[in-house]
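Q: This is the structure, below, for whatever I ask next.
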Amino acid sequence: MTMNQRLALATLTALGLAAGLTAVTLAKPATYALPGETSMLKQAPDRGYATAEAYCAACHSRDYITTQPPARGKEFWAAEVNKMVVVYGAPIPDSERPMIIEYLAATY
């Protein structure tokens with residue numbers, strides 16, 4: 001590569017970096033407003049309610065729970081809770097999952 005080619009390549013690289021940095025500097029952060037919560041979990045005297053409220057509602061709307069078809073049973077809710085952990089990475093400890101599953105199966 002000749003000296004002129006190297007100089008041209010260096011100039012183009014510098015211009016490209018400058019353009020990229022300018023675009024990043026001028027970019028404005030995206031802002032949005034989440035809709036208000038439209039449902040509440042059914043309260044229950046056991047710890048299952050509080051545990052579901054703490055872990056489930058931390059990641060998604062309560063509507064994902066309250067709008068499921070009724071009386072699906074324990075197997076359905078076990079699959080849903082496990083899917084949230086395995087597929088979506090929900091940080092629900094193994095020790096808390098049975099309590100959440102029992103609550104959801106009994107309540108929904």
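Q: State the number of residues belonging to region 1-42 that are exposed (fewer than 10 other Cβ atoms within 10 Å of the Cβ), assigned to a helix (DSSP H, G or I) and modelled with pLDDT of 65 or more.
A: Looking only at that region, the number is 4.
Q: When residues of region 43-67 are filtered for being surrounded by 15 or more Cβ atoms within 10 Å (Cβ to Cβ) and either in contact with a strand residue (DSSP E or B) (Cβ under 8 Å, 6 or more places away or on another chain) or not in a helix (DSSP H, G or I) (or both), how many remain?
A: Total satisfying the criteria: 4.
Q: Just checking, how many residues over region 68-89 are crowded, with 16+ Cβ neighbours inside 10 Å and at pLDDT below 95?
A: Result for region 68-89: 0.
Q: Something else about it: Hey, could you check region 96-108 for residues that are among the charged types (D, E, K, R) and part of a helix (DSSP H, G or I) and say which is nearest to residue 45 (Cα to Cα)?
A: Our first condition is that a residue be among the charged types (D, E, K, R); within region 96-108, this holds for 96-97, 102.
Keeping just the survivors that are part of a helix (DSSP H, G or I) gives 97, 102.
Details: 97: 17, 102: 13 Å.
So, considering only residues that are among the charged types (D, E, K, R) and part of a helix (DSSP H, G or I), the one nearest to residue 45 (Cα to Cα) is 102.
Q: Out of 93, 70, report the one residue that is assigned to a loop (DSSP other than H, G, I, E, B) and more than 13 Å from residue 55 (Cα to Cα).
A: On the way: 93 fails: more than 13 Å from residue 55 (Cα to Cα).
One residue alone meets the criteria, 70.
Q: State the number of residues belonging to region 42-71 that are closer than 14 Å to residue 107 by Cβ and either of a type in the set (S, T, N, Q) or touching a helix residue (DSSP H, G or I) at 6+ places or on another chain (Cβ under 8 Å) (or both).
A: Of the residues in that region, 14 qualify.
Q: Another question about this same structure. Could you please find all residues in region 73-90 being part of a helix (DSSP H, G or I) and within 21 Å of residue 45 (Cα to Cα)?
A: Answer for region 73-90, where residues must be part of a helix (DSSP H, G or I) and within 21 Å of residue 45 (Cα to Cα): 74, 77, 78, 81.
The values are calculated or read from the model by the stated rules, or taken from the named source; none is laboratory data. Model, not experiment: these values are computed from the prediction. Glycine also receives a Cβ, built like all others from the backbone with ideal geometry; neighbour counts cover every protein chain displayed.
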